[in-house]
Amino acid sequence: MKKEQYVIGVDYGTDSVRSIIVNAANGNEIAAAVFHYPRWKDGLYCNAAANQFRQHPLDYVEGLEQSIKSCLQQAGPSVAAQVKAISIDTTGSTPIAVDETGTPLALLPGFEQNPNAMFVLWKDHTSVKEAAEINAHAQKFDVNYLQYVGGIYSSEWFWAKLLHILRADEQVRKATHSWVEHCDWIPFLLTGGKRAQDVRRGVCSAGHKSLWAAEFGGLPPDEFFTSLDPLLKGFTTRLFKDTYTSAQAAGSLSGAWAERLGLSTEVVIGVGAFDCHMGAVGGQIEPYYLSKVMGTSTCDMLVAPKADMEGKLVKGICGQVDGSIIPGMIGLEAGQSAFGDAYAWFRNLLAWPVQTVLAQSTLVDKETAAKLAEETIGRIIPTLAQQAEQLPFDDHSELAVDWFNGRRTPDANQLLKGAISNLGLGSDAPRVFRSVVEATCFGAKSIVDRFNNEGVPVKGLIGLGGVARKSPFIMQMMADVMNMPIRIHRSEQTCAAGAAMFAATAAGIYPKVEEAMAAMGQGFDAEYFPDQQKVPLYAKRYRQYHTLGNFVEDNV
């Protein structure tokens, strides 16, 4: 291959979108740019108290254009001329209602400010009731349509969100032709798609969130959905039958977008996937090594040879799908609904007086007060981690359960809440923070235990994402709790890097994604080993964590 070939990876996160240009020969990052969603930053269309989190498609479209153009400007025209492909990953399940042309309703007159016409973000839990109905309804059928999604359908996923929106908003219901995941819509947008039926659906989103399975011949039959609610009658005919891996092309860059970005119409657009799946590839996943993409939540990815998974169905996870991570292997997904979000919640709790009281100060002007608040808030978590790391602890120390945004796996239940126990007058901020961190590590161990108990051995851990790279305190505790080493990937942007690897594969630069991983992967630059002196105490506290968790669950 020629060294002057470049690819673009686009990673849509919860707060921002990042684009990178990568040299396809060696994975070296040539340029990077981040675009923070302005409407999301202003808190528009969201209601945290009601678990409603929506994002406007314009945030995504503007971010796509500006981040890619910024990268191209940094790289220069000679690089732009040699860009061969673009692939994208997104959060998920983050679907939206579209009309027959595949246009999101929020981009149409009359729907611009309607949250129900916008993308329903992964962490939106307004469809808890609908998810419960799907779980109960599935028990009535001879075929277990939930068997490949861990046996429990989540309110974070495709069908529960669709049913909730159809029920909640008549105007949106009448205008909705189809329902599309964010990771499937962006490639459709870039290729200039004009019909919703032409959206190329990735097997990643379809298999893990939409109940698609080759064993069913596609989606469950219309009868399954119609008998759940007549509002879903005939909806499967407006969705999809075929799916594609992310190693395949969705098409080529449309003339309009080529002109908009300053690229060629020969640029290949890859089939999209969820961020954690592409992140696992960017982090050079290996069979039976759990790749933990650690950000606001976690997504825990594992791949296993198809032959090894014959007859195995892992309960309580987010699915096992052929080709959802690496084509030809079974991809298994689990995760925690709150990881970094749990730390951010505690930071925001402590920051309330800084933001509220300092703004009323008569000692400093408003501009200075705002700068002081920003500086203080930015230092809260690093300072807490430094202090918490020095604390002694025993089996009577503060103990928490990490379900601050419900529980994703094992065994999805978004009605569950977090809890902190063993509080006393000596329970200061570092001690409580330490308990929250410990709880997220215990939640991670519960996932590993589930895989092991279901006959899918976890041989090692790979840490990916911002938390993995920025917090030695949390990673060391993770190794201690797991009693297992954890390797930290060198790349700052494994999700975008994974998207770039898939772009190189979709463009034919590499015949298989494994070859793209080998050539473009950046390797590992840190490893944490368990402190054997702490392992027995963590094992005891882990049992206490489950006792407290069982109490919380029994009293929801």
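The numbers here are math on the coordinates, done by the rules we state, and not lab data. Since the model is a prediction, treat every value here as computed from it, not as a measurement. As a convention, Cβ positions derive from the backbone with ideal geometry for all residues, glycine included, and neighbour counts pool all protein chains shown.
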Applied in sequence order to the stretch 332-345, the curve 6.51 cos²θ - 1.76 cosθ + 1.60 (Karplus, θ = phi - 60°) yields integer Hz couplings, x standing for Gly and Pro, of 10, 10, 9, x, 10, 5, 9, 10, x, 4, 5, 5, 5, 4
The computed P(r) of the stretch 219-261 puts the percent of Cα pairs beyond 15 Å at 62
Rounded to whole angstrom, the alpha-carbon centroid of the stretch 537-556 lies from that of the stretch 457-486 at a distance of 21
If unit charges are put on Cβ atoms (+1 for Lys and Arg, -1 for Asp and Glu) and the dipole of the stretch 4-59 is taken about its Cα centre, the option from Tyr37, Gly27, Ile8 lying farthest towards the positive end turns out to be Tyr37
Going from the fewest other Cβ atoms within 10 Å to the most, one would list Thr236, Thr368 as Thr368, Thr236
With 0.36 nm assigned to each residue of separation and the Cα-Cα distance removed, Asp242 to Leu391 gains 48.2 nm
Within the under-13-Å Cβ sphere about Phe224, not counting Phe224, Lys/Arg +1 and Asp/Glu -1 give a net charge of -3
Expected sort for 325-336, 444-455 on mean C-beta neighbours within 10 Å, highest first, is 325-336, 444-455
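First obtain the Kirkwood hydrodynamic radius of the stretch 479-554 from its Cα pairs, then insert it into the Stokes-Einstein equation at 25 °C and 0.890 mPa s, and state the resulting D in µm² per second as a whole number.
157
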Listed with the fewest Cβ neighbours within 10 Å leading, Ser78, Ser87, Ser491 appear as Ser78, Ser491, Ser87
The rounded separation in angstrom of the Cα centers of the stretch 18-57 and the stretch 84-159 is 19
Amide H contacts under 5 Å for Ala85, restricted to residues at least 5 apart in sequence or on another chain and with H modeled in the peptide plane, are Ile8, Val268
What the Cα atoms of the stretch 304-455 span along the principal axes, largest first and in whole Å, is 69, 37, 29
Projected onto their principal axes, the Cα atoms of the stretch 141-290 stretch, largest extent first, over whole-Å spans of 50, 45, 25
Cross-link reach from Lys417 to lysines, straight Cα distance under 24 Å and at least 8 residues apart if same chain, gives Lys123, Lys129, Lys161, Lys209, Lys292, Lys315, Lys445, Lys540
Sorted on mean Cβ neighbours within 10 Å (highest first), peptides 492-501, 529-538, 158-167 come out as 492-501, 158-167, 529-538
Here the net charge surrounding Phe404, from other residues whose Cβ is less than 13 Å away from its Cβ (Lys, Arg +1; Asp, Glu -1), is +3
Once Asn135 and Glu286 are pulled to full extension, the length gained, defined as 0.36 nm per residue separation minus their Cα-Cα distance, is 51.1 nm
Karplus ³J(HN,Hα) for the stretch 550-556 (6.51 cos²θ - 1.76 cosθ + 1.60, θ = phi - 60°; Hz, whole; x = Gly/Pro) runs 4, 5, 4, 5, 6, 10, 5
Taking a ≥ b ≥ c as the square roots of the Cα gyration tensor eigenvalues, with a/c under 1.5 meaning rounded and otherwise prolate when a/b beats b/c or oblate if not, the stretch 109-227 comes out oblate
Computed ³J(HN,Hα) along the stretch 426-433: with the Karplus parameters 6.51/-1.76/1.60, θ = phi - 60°, integer Hz and x for glycine or proline, the list is x, 7, 8, 4, x, 5, 5, 4
Unpartnered Cys in the chain, judged by a 4.7 Å Cβ-Cβ cut-off, are Cys46, Cys71, Cys183, Cys204, Cys318, Cys441, Cys495
Summing -39500 (n - 2.57) over every DSSP H run of at least 4 in the chain, dividing by its residue total and rounding to the nearest 500, the 222 nm mean residue ellipticity is -11500 deg cm²/dmol
Diffusion coefficient in µm²/s returned for the stretch 262-391 by Stokes-Einstein, Kirkwood Rh over C-alpha pairs, 4 °C and 1.567 mPa s, is 70
The local net charge around Phe393, scoring Lys/Arg +1 and Asp/Glu -1 for residues other than Phe393 whose Cβ lies under 12 Å from its Cβ, equals -1
Sorted on mean Cβ neighbours within 10 Å (highest first), peptides 304-316, 201-213 come out as 201-213, 304-316
Cα extents of the stretch 22-159 per principal axis, largest first, Å, are 60, 38, 32
